[in-house]
Structure formats: C-alpha cells, structure tokens
Amino acid sequence: MSSISHSAGRLAAGAASDIVLKSLKKDREKSIVKLVDFMEKYMDGEQIDLNYEKAREMICDKDKTLNRYINRLIDEVDPHVLKTMALNLGFEAFMHGTKTIRKMREKYQCNVPWLILMDPTSACNLHCTGCWAAEYGNRLNLTLDEMDKVVTQGKELGVYLYMFTGGEPLVRKKDLIKLCEKHNDCAFLSFTNGTLVDEEFCKDMKRVGNLYLAISLEGFEAVNDLRRGNGVFGKVMHAMDLLRENGLVFGTSICYTSKNIETVTNDEFVDLMVEKGCRYALYFHYMPVGNDASVELLPTPEQRVYMKDRVREIRNMSHGKGIFTMDFQNDGEFVGGCIAGGRNYFHINANGDAEPCVFIHYSGANIRTHSLIEILHQPLFMAYHNNQPFNENHLRPCPMLENPEILERMVKETGAKSTDLQSPESASHLCGKCHEYAKKWRPYADRLWSEEHPGCANKNPSECSDKQAVND
Ligand code: SF4
C-alpha cells in the first residue's frame with residue numbers, strides 16, 4: 001500500500017469517505033476506523049506522530065470528545081465540503097504532501113514547508129489598534145496570477161495547504177474563490193475579520209468546498225469592539241451563523257495578550273465558540289512587532305503557564321470541550337519547535353517578500369524575482385534551516401521571543417532587509433523588546449520542561465535532545 005500511486009490513493013480515500021458519509025449513524029464509527037486503517041497503510045514506513053490504535057479506540061468510544069467531535073462534523077457540515085476536506089486536507093496535504101515534502105527536503109537540502117501563508121492584500125476594511133497589517137502600508141496586492149504561480153510551484157514540492165492573512169484577505173474574496181476553483185486538490189484557509197462574509201460568499205465557499213475560515217476575535221463585545229470598531233463583534237456572530245447554516249468549516253483566531261488571556265479561554269467564551277459552530281480556535285501569543293509595539297501586552301510568565309495548561313485542557317479529545325485548539329507558542333513540542341523559515345511554513349507579504357514567519361519581517365527574496373526553491377535557499381531561510389530547533393526546550397522555540405539574540409545574529413549575518421515599507425524596524429530594536437520577557441520566562445519554561453519530560457531532569461534542557469524529550 002505504501003507504494004500506491006497518488007491518483008489511486010486519492011480514489012481510494014474518496015471511496016472510503018463516501019462510505020463514511022453514507023453510512024447509517026450506528027455503523028458510522030466502523031467506517032471512520034476504516035479511514036484510519038487506510039491512513040496507516042498509506043503512511044506505512046513514514047514516521048508520524050500519531051497513535052493509530054488510540055485514535056481508533058477514541059473514535060469508537062461514545063463517551064469521548066473525539067467521538068462527539070467527529071459525529072458533529074458529519075451531522076453539521078455539508079457533505080461535499082466534508083468530502084473535499086477529507087481529500088484535500090486529509091489525503092493530499094497530510095498524507096501525499098507529507099511524503100512528497102520529505103523527499104524534496106532530501107533532494108534540495110533545504111527546508112520545504114507543509115503550508116504557505118500569503119497576504120493577498122495589505123488593504124483592510126477595519127483599522128484595528130496594533131494590527132501588523134498596518135505595518136505594510138495599505139495599498140499592496142498580490143495578483144491572482146502571482147498567487148496561482150506560488151500554488152502551482154508549491155504543489156510540485158508537495159505543498160497542498162495555503163493560508164491567507166493580510167490585510168483583510170476577503171477584500172479579494174472573488175480572486176480567492178478563483179484560486180480555490182483552479183487548485184481543487186488543495187486546501188485553503190483564510191484568516192479574516194469576518195465582516196465581509198455574506199450569503200453569496202457562503203454559496204461560493206460551499207461550491208468550491210476547499211476554503212475554510214479563521215475569524216479573529218479578541219474577547220466579548222466590549223473588549224473586541226474597543227480594538228476592532230463598534231459593531232464588529234455582532235458582525236462576527238452573524239458571519240458565524242451564516243457559515244454554520246451553510247454547513248461550512250470555520251473556527252476562530254485569537255491573539256492573546258496580558259489583558260485578554262483569561263477572557264478568551266474562560267468557559268463562557270469557549271462554550272460560545274463551540275455553540276456557534278467553530279471547529280477550531282487558533283491562539284496566537286501577542287508579539288511586540290513594529291517600531292511602536294507595546295511590551296505591556298506581553299503575557300506574564302504566570303499567564304503563559306496558565307495558557308499552556310488551559311489550551312491543552314480545552315483541546316483534550318478524551319474529555320475536552322469539542323473544539324480543536326492550538327497555541328503556536330506553547331505547542332512547540334508537538335512540531336519540534338519553531339516551524340518558520342520554510343521548515344513547516346513561511347509567509348509571503350502583499351509586496352511579494354518571502355519572510356520566515358508572519359511575525360518576522362525580514363527577507364532577501366521576493367516571489368516576483370525568485371522561484372520557491374530560490375526562496376527556500378535564501379540565506380535567512382538557510383540560517384533557520386541550519387539552526388532549528390533554536391532551543392531544545394520547545395517551550396522556548398522562537399529565535400525572536402524567547403531567544404532574541406539568535407534572530408538579531410541571523411539577520412545581521414545573512415544581510416536580510418526589513419520588509420516593513422512604512423516604518424522599517426531594525427532586528428536589534430525588535431529583539432531588544434524581547435530580552436526582558438525571555439529572561440523572565442526561561443526559569444518557568446525550564447522547570448516545566450524538566451517536570452514534563454523527566455528523561456531530561458538531570459540535564460540542562462538545552463542539552464536534552466528533541467528525540468529524548470518526545471519519547472519520554
Ligand atoms: S519565528 Fe517565532 S513566532 Fe515564528 S514560527 Fe518560529 S517560533 Fe513561532
């Protein structure tokens with residue numbers, strides 16, 4: 001099975017998905033388990049961080065959150081959307097894509113990502129305080145042709161997942177739909193403020209079946225609208241209702257700060273998201289990026305410890321809330337630390353500059369002048385490749401936030417330039433804002449890491465290898 005061809009694999013995955021969608025409720029779990037069996041056979045020989053046996057058990061146990069989560073998906077999501085997601089995200093990106101990018105990494109001796117994040121535009125219909133979109137000015141766009149070129153080249157490398165941020169990507173919603181239509185074997189996710197979602201767009205999303213949304217929220221109405229503008233919370237609730245009624249897949253995207261951390265993780269907020277139909281909540285640690293960015297919004301070490309535990313509690317597929325949560329700063333151990341610089345992803349801004357990460361605005365390559373392979377070989381990305389993981393303690397993954405001396409050095413050594421066209425920020429200014437945070441967080445992170453990875457207990461976490469830690 002592991003040598004099954006790509007097209008035969010897609011056909012088999014499609015047939016297995018049809019069986020799940022058509023099976024009666026009482027036989028549903030059995031047919032879902034067959035999908036897991038298919039995946040195990042297809043990925044035979046590949047190292048995957050998934051316990052297939054445990055997954056099968058939890059799928060079949062009606063008391064487990066995973067069982068309820070999957071049943072809700074099947075009952076509530078449009079069948080065409082669900083099948084397309086199983087094929088494009090499940091088969092193409094997770095299975096075929098994973099295998100292909102691993103081969104490409106060997107072939108090209110550089111990072112090859114699993115997903116690419118693009119800004120279709122820097123324009124936005126809102127003006128939120130502190131939004132990074134403002135950093136680029138507000139009149140830059142990637143043409144449809146340019147985005148198409150990125151996806152076309154990306155697929156040759158095995159990249160089947162593309163995300164959009166900005167700016168407000170839905171300012172370009174017609175072009176996004178065209179891209180989804182053309183690349184109907186890929187999965188696309190757009191971050192959005194949600195205010196441009198309407199009935200017509202929902203119909204388009206339903207037709208293409210391969211576009212998902214992550215709608216930004218900061219908390220409940222008062223806090224959310226203070227930063228985003230009056231009435232925005234209400235518009236987001238309306239957008240979620242429209243998306244749910246149309247059987248579409250969406251979730252929320254939350255930037256947590258010292259000010260809103262408790263609100264955006266409390267039961268009332270999370271339960272509301274589940275009730276509204278969110279399938280996932282993507283939590284982003286506030287980053288002090290930009291010349292004017294405030295350091296007061298950085299969470300305290302105690303808040304960060306709380307966040308790590310709370311996000312895992314909500315996500316727990318045995319007894320959690322039934323929404324898939326991710327906290328990109330605290331979940332490093334599940335992905336081997338920093339994922340940027342093309343290791344798992346990179347970011348293309350609306351000027352075409354290829355940056356290691358949406359928060360790291362430095363680059364030496366642009367999609368208008370460089371191919372994807374040239375971008376991945378640019379000095380800053382190779383510095384990421386050669387230095388990852390930046391810390392063996394994956395609770396301190398970032399070359400900026402927790403290891404600021406590293407980013408400063410890499411930018412200097414590689415000659416990467418600031419991509420912020422409005423107010424270029426030097427790496428030393430950016431990293432200077434993180435030193436105090438990194439110093440305070442370190443003892444907490446090191447204690448947690450050695451407690452949770454006892455095999456490393458007698459070692460300095462920086463001497464404890466990734467493999468050991470994961471196996472423990
Ligand atoms: S550079 Fe920092 S913020 Fe970006 S992916 Fe790496 S760890 Fe996360």
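State to the nearest 20 debye the size of the charge dipole of segment 227-305 about its Cα centre, where the only charges are +1 on K and R beta carbons and -1 on D and E beta carbons. Don't skip to the end; give the middle numbers.
Values: 8 positive and 10 negative charges, 59 e Å.
Computed charge dipole of segment 227-305: roughly 280 debye.
With a 10 Å Cβ neighbour count serving as the proxy for reagent exposure, in which order, fewest first, do Ser371, Ser122 appear?
On the way: Ser371 12, Ser122 25.
Ordered from fewest to most neighbouring Cβ atoms within 10 Å, Ser371, Ser122 come out as Ser371, Ser122.
Could you pull out the pairs from Lys259/Lys321; Lys259/Lys417; Lys25/Lys103 whose alpha carbons sit more than 28 Å apart here? It would help to have the intermediate numbers written out before the result.
Numbers: Lys259/Lys321 23 Å; Lys259/Lys417 32 Å; Lys25/Lys103 40 Å.
Distance filter (> 28 Å) returns Lys259/Lys417; Lys25/Lys103.
Among bridges DSSP assigns within the chain, what percent are antiparallel (round to 5)?
Details: 7 of 38 bridges.
Of all bridge pairs located within the chain, approximately 20 percent are antiparallel.
Using only Cα atoms, locate the centre of segment 399-445 and the centre of segment 149-170, then give the distance between them in Å, rounded to an integer.
So the two Cα centres are separated by 27 Å.
How big is the charge dipole of the chain about its Cα centre, in debye rounded to the nearest 20, if each Lys and Arg gets +1 on its Cβ and each Asp and Glu gets -1 on its Cβ? Please report the intermediate quantities before stating the final value.
On the way: 57 positive and 66 negative charges, 182 e Å.
For the chain, the charge dipole is close to 880 debye.
For every helix of n ≥ 4 consecutive DSSP H residues, a contribution of -39,500 (n - 2.57) applies; sum these over the chain, divide by its total residues, and give [θ] at 222 nm rounded to the nearest 500 deg cm²/dmol. Each step should come with its number before you reach the end.
Details: 19 runs with 207 residues, N = 472.
Taken over the chain, the calculation gives -13000 deg cm²/dmol.
Whole angstrom only: what separates the Cα centroid of segment 53-109 from the Cα centroid of segment 245-320?
Centre-to-centre (Cα) distance: 23 Å.
Please rank Val151, Val36, Val236, fewest neighbouring Cβ atoms within 10 Å first, as an exposure proxy. Numbers along the way, then the final one.
On the way: Val151 19, Val36 16, Val236 24.
Fewest to most other Cβ atoms nearby, the residues stand as Val36, Val151, Val236.
Report, in debye and to the nearest 20, how large the dipole of segment 326-410 comes out about its Cα centre when Lys and Arg carry +1 and Asp and Glu carry -1 on their Cβ. Numbers along the way, then the final one.
On the way: 4 positive and 10 negative charges, 52 e Å.
Charge dipole of segment 326-410: 240 debye, to the nearest 20.
No lab work stands behind these numbers, since they all come straight from the coordinates. Predicted model, so just to flag it, every value in this text is computed and none were measured. When we count neighbours, we look across all protein chains shown, and the Cβ atoms used for this are built from the backbone with ideal geometry, even at glycine.
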